[in-house]
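Worksheet for the structure shown next.
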Amino acid sequence: MKFRNFSEREYDHETGWRINPDAGENEPERKFPYIDNGTGLIDAGRYHDPGFAQAEWERLWARVWLIAGRASDIPNVGDWFRFDIGNQSVIVVRADDGIRAFHNVCHHRGNRLVMADFGHGEHFTCAFHSWQWNIDGSLNRITDRDTFRDAIVCDEPPLSPVALDQWGGFVFINLDPAPSQHLTDYLGALPAQLAPFHFEDMVVVKDVETRWPANWKVALDAFLESYHVHSIHAEILPFYDDYHQQWDLLENGMSRMLMEFATVSPRLEDQETINDGLKMMLADAGMDPDAFTGTAGQVRKAIQQHKVPAYAKAGKWFDGLTENQATDDWAYFIFPNVTLNIHPEGFLFQRFRPDPRDPERFVYDVQVILQPVDDAKPPVYMGVEDGTDCSGRTRPERQHIRHGEPGLGFVLEQDSMLVPVVQQGLRSRAFKGMRFSEQEQRLRHFHRELDRYIAGEK
């Protein structure tokens, strides 16, 4: 239960909060058992030490399932996209027999075969000496083959395959030639929990890539908690409960955070007035804010009771969704480096990739992925510009922006300014290590799983 007097609150870390106290053991909103990951400090060295970054590469990135992209981005035979992780590059292509992945390298002199983000063709041709491969990976041509002694090319070198699997419209790759787990085992409970959203039907409507001067984990940590919202995103408190949230820790380092929108933060004194933020939420739901006669505490339920039948009538409400999902943000973490902020309309996809040379830099990918409709109204924090084609008829080009440039949306741009400052502070001789609260339990859960890989337990 929420506290009537917020100033006198107490927190039981084993019980936690429940977004729906009445949810049964088999319902989507059920509270998962608490996992105690301890209370030790998290050493700052993992955020800047080159040795730790190298251990991550050898024991984590080269062995886990990674989201490379969306199957909807390569709908036709011959369509491909490039996915880079660390110093490795992968081509994901739709061939005649389905989607395949190959190392993006020419077997002649090591040149990368593709350099663009996306493309289409019948072959992959090296720009250096024009060796050529078919989209199924088989060798098509060695230029001036007669000048090569047969012992050098008699193996007809095909492109080197990369392990690949799919779920929810996502294409996963694994750089380990023989992954220790099937993707379904790796994801655990996530596919069943997220099936009602029908990710596989969604399309990309915004795609941004940028680079931040920070370790990838510093940024990821920020998006695994809402503890910072009251401080740097205070403008959303009038329509967002940043405190009473449900944190669930799942297997293999996965986790989720269920967050109430269309409700006032308990940190604010005025809990009755229909403030401008709540009016915005009402309007976004297709309701007239001026005609609403209830209190602030009744807005969330009113929006749910309006949206669910309206979406059902339009064929946009699916079996298995709960009423609370009409308003709330279901934030899932897919270990090791992807967060999803999920709504019935779609989700915000964030991916954090390490820089191959500098542990204090990373690549930040942001995509907005929606159910394809002409009149989509994604949550305002996703930063989808007015006039964006949300029908799925056209795939937006990837925007490459510099750190600090506009394009992420106001909430993410605020984070982009603070995360590098955190990175700088981690170098302080006075800093003894991360002290995580229970509001940050998802961070400790992530780092505990990371430690298992670093230690060779996985």
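The values are calculated or read from the model by the stated rules, or taken from the named source; none is laboratory data. Please read these numbers as outputs of a predicted model, since none were measured by experiment. Note: ideal-geometry Cβ built from the backbone for every residue, glycine included; neighbour counts use all protein chains shown.
Might you check whether a residue that is surrounded by 20 or more Cβ atoms within 10 Å (Cβ to Cβ) and either at pLDDT 95 or above or touching a Leu at 6+ places or on another chain (Cβ under 6 Å) (or both) occurs anywhere in region 291-298? First the steps, then the outcome.
Restricting attention to region 291-298, the residues satisfying the condition of being surrounded by 20 or more Cβ atoms within 10 Å (Cβ to Cβ) are 296.
Now narrow it down to the ones that are either at pLDDT 95 or above or touching a Leu at 6+ places or on another chain (Cβ under 6 Å) (or both): 296.
Yes, region 291-298 contains a residue that is surrounded by 20 or more Cβ atoms within 10 Å (Cβ to Cβ) and either at pLDDT 95 or above or touching a Leu at 6+ places or on another chain (Cβ under 6 Å) (or both).
Please find, within region 142-177, the residue that is surrounded by the most Cβ atoms within 10 Å (Cβ to Cβ) out of those that are within 14 Å of C106 (Cα to Cα) and touching a residue at least 40 places away in the same chain (Cβ under 8 Å).
Filtering region 142-177 for residues within 14 Å of C106 (Cα to Cα) gives 142-143, 153, 156-161.
Next cut, touching a residue at least 40 places away in the same chain (Cβ under 8 Å) only: 157, 159-161.
Numbers: P157: 16, L159: 24, S160: 14, P161: 12.
Checking each candidate, the answer is L159.
Identify, from the list R9, R94, the residue that is of a type in the set (D, E, K, R) and at pLDDT 95 or above. Spell out the reasoning first.
Numbers: R9 fails: at pLDDT 95 or above.
The unique qualifying residue is R94.
Filter region 346-374 for residues that are within 18 Å of the chain's Cα centre (by Cα), without any contact (Cβ under 8 Å) to a residue 40 or more places away in the chain and surrounded by fewer than 21 Cβ atoms within 10 Å (Cβ to Cβ) and give the result.
Listed by number, the list is empty, since nothing qualifies.
When only residues in region 1-49 that are under 25 Å from the mean Cα position of the chain (by Cα) and part of a helix (DSSP H, G or I) count, which is surrounded by the fewest Cβ atoms within 10 Å (Cβ to Cβ)?
G45
Would you mind listing the strands (runs of 3 or more DSSP E) fully within region 84-125 where at least 2 residues are in contact (Cβ under 8 Å) with a residue 40 or more places away in the chain?
Working: elements: 88-95, 98-103, 118-120, 123-125.
Per the criteria, 88-95, 98-103, 118-120.
Looking at region 153-161, is at least one residue in a strand (DSSP E or B) and modelled with pLDDT of 95 or more?
Step one: of region 153-161, the residues in a strand (DSSP E or B) are 161.
If we keep only those that are modelled with pLDDT of 95 or more too, we end up with 161.
Within region 153-161 (the criterion being in a strand (DSSP E or B) and modelled with pLDDT of 95 or more), the answer is yes, since at least one residue qualifies.
Criterion first (touching a His at 6+ places or on another chain (Cβ under 8 Å) and either among the acidic types (D, E) or more than 17 Å from F81 (Cα to Cα) (or both)) does N140 satisfy it? Steps first, answer last, please.
On the way: touching a His at 6+ places or on another chain (Cβ under 8 Å): yes; either among the acidic types (D, E) or more than 17 Å from F81 (Cα to Cα) (or both): yes.
Yes.
Closer than 30 Å to D355 by Cα and either at pLDDT 95 or above or buried (at least 19 other Cβ atoms within 10 Å of the Cβ) (or both): is that true of I67 in this structure? Reasoning before the result, please.
Numbers: closer than 30 Å to D355 by Cα: yes; either at pLDDT 95 or above or buried (at least 19 other Cβ atoms within 10 Å of the Cβ) (or both): yes.
For I67, the condition - closer than 30 Å to D355 by Cα and either at pLDDT 95 or above or buried (at least 19 other Cβ atoms within 10 Å of the Cβ) (or both) - is met.
Kindly provide the set of residues from region 404-458 that are within 17 Å of N215 (Cα to Cα) and not in a helix (DSSP H, G or I), ordered by number.
Residues satisfying the conditions are G404, L426, R427, S428, F431, G433, M434.
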